[in-house]
Amino acid sequence: MVKLNIQIEKIFETGMDILDELNHGNSKENYSMICRRFAEMLDWHYAEVWMYQKDTFQMVLSDIHYSKSKAMESFFKKSLKTRFSYGEGIPGETWRSKEPIWIDDITSHQSFGRKESALKMSFKTCLAIPISAFDHVEAVILFFSKSTYETNPTIIKLLHSIAQRVGLNLIRQELEEDIRKLEVKSNQFTELISRISSIRDPYTSKHEYLVKNLAQYIGERLNMNKDEIDELQLAALLHDIGKIAIPME
């Protein structure tokens with residue numbers, strides 16, 4: 001068993017680089033980058049990303065992984081689509097504890113079900129890191145090395161700290177994307193209501209758009225911010241929505 005020889009400065013530097021790169025990719029690209037950058041920093045041989053699946057409440061092995069050599073691709077292919085419930089297997093245990101798990105020899109660990117495949121790859125040490133924000137674990141990344149390393153609490157604590165910041169950034173990006181989608185749907189819904197109104201009563205439709213433009217003008221003169229003006233315009237478009245239910249005759 002040997003000590004993991006890695007400088008603290010290198011961990012900090014890699015962590016800052018990862019946080020900076022998060023702003024330049026989508027969710028899959030981000031997780032792929034995190035997986036690769038951590039594995040390269042540790043100089044370990046293989047890493048895989050387990051993603052939380054809401055509909056089944058399980059951790060599922062994704063197709064995002066890192067291999068130092070093509071020979072390790074067989075380990076990934078045999079494991080693909082494996083899933084664990086809360087508290088089951090290494091991913092499930094990490095999910096439940098919300099803390100990193102360090103295993104000196106993965107082939108002798110009771111919760112590890114891929115011992116035969118790991119032996120073929122000569123894997124020894126395994127490190128599981130949760131990507132989380134607050135009390136929610138979004139993913140678990142497993143790293144494997146062919147060397148048997150001693151547990152290093154300092155390195156584990158630093159990696160966990162970086163992973164938590166990464167988790168906050170990733171979930172923030174996902175929430176922002178959800179908000180953008182909702183805004184698009186909201187705009188589409190508003191346009192639909194307006195079209196229905198115009199079919200029923202062209203005058204009311206024209207009136208709504210005039211009021212919307214007037215609302216924008218007033219909002220700008222009052223130095224309201226963009227979000228406030230958007231809400232004002234939405235209210236202007238919908239202020240006569242009740243007329244749809246009034247009989248034409």
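The sole residue among R180, R165 that is modelled with pLDDT under 85, open to solvent by 90 Å² or more (accessible area, probe 1.4 Å) and in a helix (DSSP H, G or I) is R180. Residues in the stretch 90-115 that are out of contact with any helix residue (DSSP H, G or I) (no Cβ under 9 Å at 6 or more places or on another chain) and open to solvent by 10 Å² or more (accessible area, probe 1.4 Å): E93, W95, R96, S97, K98, D104, D105, Q110.
Pairs linking a residue in the stretch 13-37 that is among the hydroxyl-bearing types (S, T, Y) to a residue that is modelled with pLDDT under 85 and outside any helix (DSSP H, G or I), with Cβ atoms under 6 Å and 6 or more positions apart or on different chains, do not occur. Among the residues of the stretch 24-46, those that are of a type outside the set (A, V, I, L, M) and assigned to a helix (DSSP H, G or I) comprise H24, S27, K28, E29, N30, Y31, S32, C35, R36, R37, F38, E40. All of (1) open to solvent by less than 10 Å² (accessible area, probe 1.4 Å); (2) within 14 Å of the chain's Cα centre (by Cα) hold for I155 with one exception: (2). Being in contact with a Leu (Cβ under 7 Å, 6 or more places away or on another chain) and open to solvent by 60 Å² or more (accessible area, probe 1.4 Å) is the filter; apply it to the stretch 67-82 and report the residue that is farthest from D135 (Cα to Cα). Applying the filter and picking the extreme gives L80. Looking across the stretch 168-177 at every residue that is within 9 Å of the chain's Cα centre (by Cα) and of a type outside the set (A, V, I, L, M, F, W, C), the one that is most open to solvent (accessible area, probe 1.4 Å) is identified as R172. Across the stretch 137-148, the number of residues qualifying as at pLDDT 95 or above and more than 13 Å from A39 (Cβ to Cβ) comes to 1.
With the requirement that a residue be of a type in the set (A, V, I, L, M, F, W, C) and out of contact with any Ser or Thr (no Cβ under 7 Å at 6 or more places or on another chain), what does the stretch 1-34 give you?
Our first condition is that a residue be of a type in the set (A, V, I, L, M, F, W, C); within the stretch 1-34, this holds for 1-2, 4, 6, 8, 11-12, 16, 18-19, 22, 33-34.
Hits for the stretch 1-34 are L4, I6, I8, I11, F12, M16, I18, L19, L22, M33, I34.
Determine, yes or no, whether I34 is surrounded by 20 or more Cβ atoms within 10 Å (Cβ to Cβ), under 16 Å from L142 (Cβ atoms), among the β-branched types (V, I, T) and out of contact with any helix residue (DSSP H, G or I) (no Cβ under 7 Å at 6 or more places or on another chain). Spelling it out, it is not the case that I34 is surrounded by 20 or more Cβ atoms within 10 Å (Cβ to Cβ), under 16 Å from L142 (Cβ atoms), among the β-branched types (V, I, T) and out of contact with any helix residue (DSSP H, G or I) (no Cβ under 7 Å at 6 or more places or on another chain).
For every residue, the table says whether it meets (1) buried (at least 18 other Cβ atoms within 10 Å of the Cβ); (2) farther than 24 Å from C126 by Cβ.
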site	(1), (2)
E9	no, yes
G15	yes, no
L19	no, yes
L42	yes, no
D55	no, yes
V60	no, no
H65	yes, no
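Looking at the stretch 75-93, can you tell me whether even one residue there is at pLDDT 90 or above, among the β-branched types (V, I, T) and part of a helix (DSSP H, G or I)? For the stretch 75-93, residues at pLDDT 90 or above, among the β-branched types (V, I, T) and part of a helix (DSSP H, G or I): present.
The set of residues in the stretch 119-136 being at pLDDT 90 or above, of a type outside the set (D, E, K, R) and buried (at least 16 other Cβ atoms within 10 Å of the Cβ) consists of M121, F123, T125, C126, L127, A128, I129, P130, I131.
The values are calculated or read from the model by the stated rules, or taken from the named source; none is laboratory data. For clarity, every value in this text was computed on a predicted model and none was experimentally measured. Positions of Cβ are generated from backbone atoms using ideal geometry, with glycine treated the same way; all protein chains shown enter the neighbour counts. All accessible areas refer to the heavy atoms of the entire protein, side chains included, with ligands and DNA or RNA removed. Shrake-Rupley method; radii C 1.70, N 1.55, O 1.52, S 1.80 Å.
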